[in-house]
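Report on the structure given below.
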Amino acid sequence: MQLNYAEWVCPQCKTKNRETCNSWMYDSPIRQCKACRSEYLDRRWREVAIDGFDPRSNNAPLYAKVALVLLAIALVCGIMIYFQYARGYYSIKIIAVGAGSVLIAIACGINALRIKLGFQAKDNDKYMAESKARLSDPQYVEKLRKYGYKV
Ligand SMILES: [Zn+2]
């Protein structure tokens, strides 16, 4: 899942930076501006060896629940469309809500499955290894300490 973007405005030169990130923003919180190369802290990023994983990333029941609620909404929409269609008309809004609910429900279902089947744990292992690799650099650790991290 590399389809997410993080955006920020550089505090030094006010350039708007944009870059891809993983779903949970696991990476170094010390960011570098692409325009002026100045470094600064962005706490939105999680250094997982210090900050830990996002609790949502392992919450399969939550995703399953959201998927079920959305499926229920889609079912209601489906029933409404069915009765409308029987009377010879249909509302494009209800179809859009129903179709949207199904799509998001599928995405949540896939997420729940990924967690259940251990794929998320595998990803997390990878992120943890990357985080530990960064922290094995004493200069990097020193920088984090300066920014107030307890390493
Ligand atoms: Zn800058």
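Coordinate-derived values only; no laboratory data. Since the structure is predicted, the reported quantities are computational estimates derived from the model, not experimental observations. Neighbour counts are summed over all protein chains in view; Cβ atoms, including those assigned to glycine, are modelled from backbone coordinates with ideal geometry.
Things to note:
- Value of [θ]222 nm, deg cm²/dmol, for the chain, DSSP H segments ≥ 4, -39500 (n - 2.57) each, nearest 500: -18000 deg cm²/dmol
- Ranked Ser136, Ser28, criterion: other C-beta atoms within 10 Å, fewest first: Ser136, Ser28
- Least to most buried among Trp8, Trp24 (fewest other Cβ within 10 Å first): Trp8, Trp24
- The Cα atoms of segment 29-111 give a gyration tensor whose axes a ≥ b ≥ c have a/c of 1.5 or more with a/b no greater than b/c, which makes the shape oblate.
- Sites Leu62 and Ile106, calculated FRET efficiency, Cβ-Cβ separation with R0 25 Å, nearest 0.05: 0.95
- Whole-percent pair-distance distribution, where bins are 5 Å wide, for the alpha carbons of segment 63-128: 4, 19, 19, 16, 12, 10, 8, 5, 4, 3, 1, 0
- Here the calculated FRET efficiency for Asn17 and Tyr82, from their Cβ-Cβ distance with R0 = 41 Å, stands at 0.25, rounded to the nearest 0.05.
- In terms of surrounding Cβ atoms within a 10 Å radius of their Cβ, Asp27, Asp42 rank from fewest to most as Asp42, Asp27.
- Comparing Ala72, Gly109, Tyr90 along the charge dipole axis of segment 28-151, the residue lying farthest to the positive side is Tyr90, per the Cβ-charge model.
- On Cα atoms only, tilt of 119-135 relative to the major axis of the chain in degrees: 20
- Seen from all directions on average, segment 100-142 presents a Cα convex hull projection of 4.1 nm².
- Spin-label zone in segment 6-48 - amide nitrogen under 20 Å from a point set 7 Å from the Cα of Val141 along the C-beta vector: 27-31, 46-48
- Our summary gives the chain a relative contact order of 20 percent, counting only alpha carbon pairs under 8 angstrom and 6 or more residues apart.
- Rh by Kirkwood over Cα pairs, then Stokes-Einstein D for the chain at 1.567 mPa s and 4 °C, µm²/s: 70
- Based on every Cα atom in segment 10-65, Rg and the maximum pairwise Cα distance Dmax equal 14.5, 45 Å.
- Segment 51-97: radius of gyration over Cα atoms, expressed as a fraction of 2.2 N^0.38 Å: 1.75
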